[in-house]
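Take a look at the structure set out below.
The values are calculated or read from the model by the stated rules, or taken from the named source; none is laboratory data. Bear in mind the structure is a predicted one, so any value in this text is a computation, not a measurement. Positions of Cβ are backbone-derived with ideal geometry, glycine not excepted, and every protein chain shown enters the neighbour counts. Side chains are part of the model used for accessible areas, which takes the heavy atoms of the whole protein and leaves out ligands, DNA and RNA. Shrake-Rupley method; radii C 1.70, N 1.55, O 1.52, S 1.80 Å.
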2 protein chains.
Amino acid sequence: MNGKKVPEGTISRLFIYYREVSELSSLKIKTISSAELGERTNLSDAQVRKDLGYFGQFGVSGSGYDTSELKKALEKILGKDRTWNVAVIGAGHLGAALLSYPGFKNYGLEIVAAFDSDSKRIGKKLGEIEVQLISDLSKTAKDKKIHIGIITVPAASAQEVAEKLVEAGIEYILNFAPVSLDVPDSIKVKDVDLSRELETLTYFLVNK
Amino acid sequence: MNGKKVPEGTISRLFIYYREVSELSSLKIKTISSAELGERTNLSDAQVRKDLGYFGQFGVSGSGYDTSELKKALEKILGKDRTWNVAVIGAGHLGAALLSYPGFKNYGLEIVAAFDSDSKRIGKKLGEIEVQLISDLSKTAKDKKIHIGIITVPAASAQEVAEKLVEAGIEYILNFAPVSLDVPDSIKVKDVDLSRELETLTYFLVNK
DNA sequence: TAATCTTTGTGATTTAGTTCACAGACTTTG
DNA sequence: CAAAGTCTGTGAACTAAATCACAAAGATTA
């Protein structure tokens, strides 16, 4: 890491590079140039080099990047060398969609608990996970060493849930509720506003 | 519209302004300044004026914007003066989450059909909508004048579904599958890559 | 080993978007 | 109605990110 601020876009692209070099390395392809890696990922060679440049010097002039070395380096950078425990709060359709999403494990994420405030849902199984009452959050979060909370409750109760997550020691919140959460600076919140995506649809239909 | 390219961010912000002036206008508040509108939306006054400036001159020096006029103007710009028919393809959890999402109507969107390829799901009701076999897509799309297709099928079948949507005359695709779709330029595709959001979580946990 | 070729890493440039700042339009006050 | 106050619309300045472009490092060839 060279100290400069890393653009958000760089980080998503690192995952793309990671996927590609994993593939290459498993195909026993030993090295790849930034040009070819760019080709395969629909990005420019300069973009590839600049992105990697934020984190160090991984390449060799004249031959390119060693695929398995780069894979290992990216694993480290991206936190893919361990598993992160996740709790989903809100066992409605969206929560269920996330719980049944098979890709999680590949991302180094493991959903280990689900919560809801609706007593009708408590005790039901969503996949492997039994839905718990939200008042158990704090205890379970500590017992199961949960790092990440995903909020899929309605907008009206999202702030309240966020506060419980903070109290329970969660470090990162992924928020699907269409409200902006007020939490301490030390907690990272990422908003995924599906309604925004849906809304903007109509603009593009009107304007061509 | 003054011809200059409109930044993507401007468009989402227009919806925020729209919501605010709708509220204000219904409260019989006749005018609002860019400063106050900015205050209420956590944006700067300059941002508000610049955003609106892409589409014309709506304000009055010395007094600000007429809320109900601005509301009408934004309705027009954003395509909120009519309803757009939507089909969801993929009646799994995510599809169900969208179908049960009450906010749709507010966005001028109406889900009028749902499709799946799994015969176990055909005929089931998701809310008001009966799940149809995907082979009916083309006919139903024409009958029901569907403009928008939302893809919530697994990555592996997304491209195939996209092609059927194009064939059925859909103009806009909202794609939840984590693959990039290959469609004609005349079709607008918006990708919502949940897995990307999930993935990037781990980076931020490692790096602080 | 020298000449040539390939490819990185990174400053310099360009592009896109946001913020600043102010002239000029309109409103309010006395 | 003139002076003071408010607020817009928009170029200019700034900031962030992507792209360019090239010196230097290493690989390849003869």
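Remarks
- Shortest-first distances to equivalent copies, position A:Asp191, nm, label 7 Å out along Cβ: 2.4
- Theoretical FRET efficiency, 1/(1+(r/R0)^6), r = Cβ-Cβ of B:Asp118 and B:Thr31, R0 41 Å, to 0.05: 0.15
- Solvent-accessible area lost in complex, 10 Å² minimum, residues of segment A:86-116 relative to chain alone, 1.4 Å: A:His93, A:Leu94, A:Ala96, A:Ala97, A:Leu98, A:Ser100, A:Tyr101, A:Phe104, A:Tyr107, A:Leu109
- Euclidean distance of C-alpha centroids, segment A:14-58 and segment A:82-141, integer Å: 34
- Carbon/sulfur fraction of accessible area - the protein assembly as shown, other protein chains in place, 1.4 Å, %: 49
- For chain A, projected area of the alpha-carbon convex hull averaged over all directions, nm²: 14.9
- Tail fraction, Cα-Cα pairs, segment B:86-208, threshold 25 Å, whole percent: 23
- Sparse-neighbourhood loop sites, trypsin sites (Lys or Arg not before Pro) in segment B:1-33 - DSSP loop, at most 12 other Cβ within 10 angstrom: B:Lys4, B:Lys5, B:Lys28
- Protein accessible surface hidden between B and A, which excludes ligands and nucleic acids, total in Å², probe 1.4 Å: 4600
- Compared with the rule-of-thumb size 2.2 N^0.38 Å for a compact globular protein, segment B:8-77 has a Cα radius of gyration ratio of 0.96.
- A 1.4 Å probe run over the protein chains yields, for the protein assembly as shown, 50 Å² of accessible area per residue, whole-number rounding.
- Averaged over B:75-82, number of beta-carbon atoms from partner chains that fall within 10 Å: 4
- Each residue, A:Val60 and B:Lys145, gets one label point 7 Å from its Cα in the Cβ direction; the gap between the two is 6.5 nm.
- With 29 Å as the limit, the listed pairs A:Lys4/A:Lys142; A:Lys4/A:Lys190; A:Lys72/A:Lys139; A:Lys30/A:Lys188; A:Lys125/B:Lys139; B:Lys144/B:Lys190 have A:Lys4/A:Lys142; A:Lys72/A:Lys139; A:Lys30/A:Lys188; A:Lys125/B:Lys139 beyond it between alpha carbons.
- Residue of chain A with the smallest Cβ distance to the axis mapping A onto B, distance rounded to whole Å: A:Ala97, 3.
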